[in-house]
Amino acid sequence: MENRKIAEEIIRQLQLFSLSGVYGVLLGIWYEFFRILRKTFVHKNRIVHLEDIIFCLTAAIGLFILFQVYNQGMIRFYCLFGVEGGVLLYFFVLSRWVGKFLSYLVGFFCRIIKIARGIFGFPGKVIVKNTGKTLKNMRKTIKIIRNHK
């Protein structure tokens with residue numbers, strides 16, 4: 001009976017270690033997303049700092065939830081090693097392919113947004129241009145009327 005409890009505990013710890021590794025890979029993908037955004041769009045330092053804060057907060061919240069749900073809030077070093085192992089696995093093995101895929105996705109969505117902006121922006125440009133001309137004509141008319149008084 002005692003051996004069975006010990007075996008179940010070891011299996012549970014191995015599962016938590018594996019889950020921590022998967023979380024590390026997910027953190028790598030999440031950070032890669034921010035790297036692709038920085039490569040695609042020019043950022044000012046403040047925006048880069050904001051992105052770093054967002055990454056750190058979401059990573060910490062995710063790790064907190066992982067520890068709360070699977071380990072009653074207790075921090076174990078093997079979990080931290082699992083996260084680190086997952087991150088290293090991602091950056092040394094998976095980073096190249098996932099980075100290319102994320103670059104493609106970001107580029108694809110940028111093209112869709114450009115097309116949508118062109119389609120929906122054209123009527124707006126026409127309205128603004130015509131409204132501007134109408135306002136200029138109204139201003140001229142008002143000046144003429146004021147000068148004749």
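The values are calculated or read from the model by the stated rules, or taken from the named source; none is laboratory data. Just so you know, these numbers come straight off a predicted model, no measurement behind them. Reconstructed Cβ throughout: ideal geometry from the backbone, glycine too, with neighbour counts over all protein chains shown.
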Arg146: passes all of (1) surrounded by fewer than 10 Cβ atoms within 10 Å (Cβ to Cβ); (2) closer than 30 Å to Gly24 by Cβ; (3) not aromatic (Phe, Trp, Tyr) but (2)
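Give me the residue from the range 62-114 that is aliphatic (A, V, I, L, M) and not in a helix (DSSP H, G or I) and, out of that set, nearest to Leu27 (Cα to Cα).
Out of the qualifying residues, it is Ile75.
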Do we have any residue at all in the range 112-122 that's out of contact with any Leu (no Cβ under 9 Å at 6 or more places or on another chain), surrounded by 10 or more Cβ atoms within 10 Å (Cβ to Cβ) and of a type in the set (D, E, K, R)?
yes
Consider Tyr70 against the criteria (1) closer than 16 Å to Val106 by Cβ; (2) without any contact (Cβ under 8 Å) to a residue 60 or more places away in the chain: it satisfies all of them except one. Which criterion is unmet?
(1)
What are the pairs with Cβ atoms under 8 angstrom where one residue, in the range 25-52, is assigned to a helix (DSSP H, G or I) and the other, located anywhere, is polar (S, T, N, Q) and surrounded by 12 or more Cβ atoms within 10 Å (Cβ to Cβ)? Sequence gap at least six, or different chains.
Gly28/Ser95; Trp30/Thr58; Glu32/Ser95; Ile36/Ser103; Lys39/Ser103; Thr40/Ser103
Scan of the range 97-128 for residues that are modelled with pLDDT of 70 or more and charged (D, E, K, R), ordered by number:
Lys100, Arg111, Lys114, Arg117
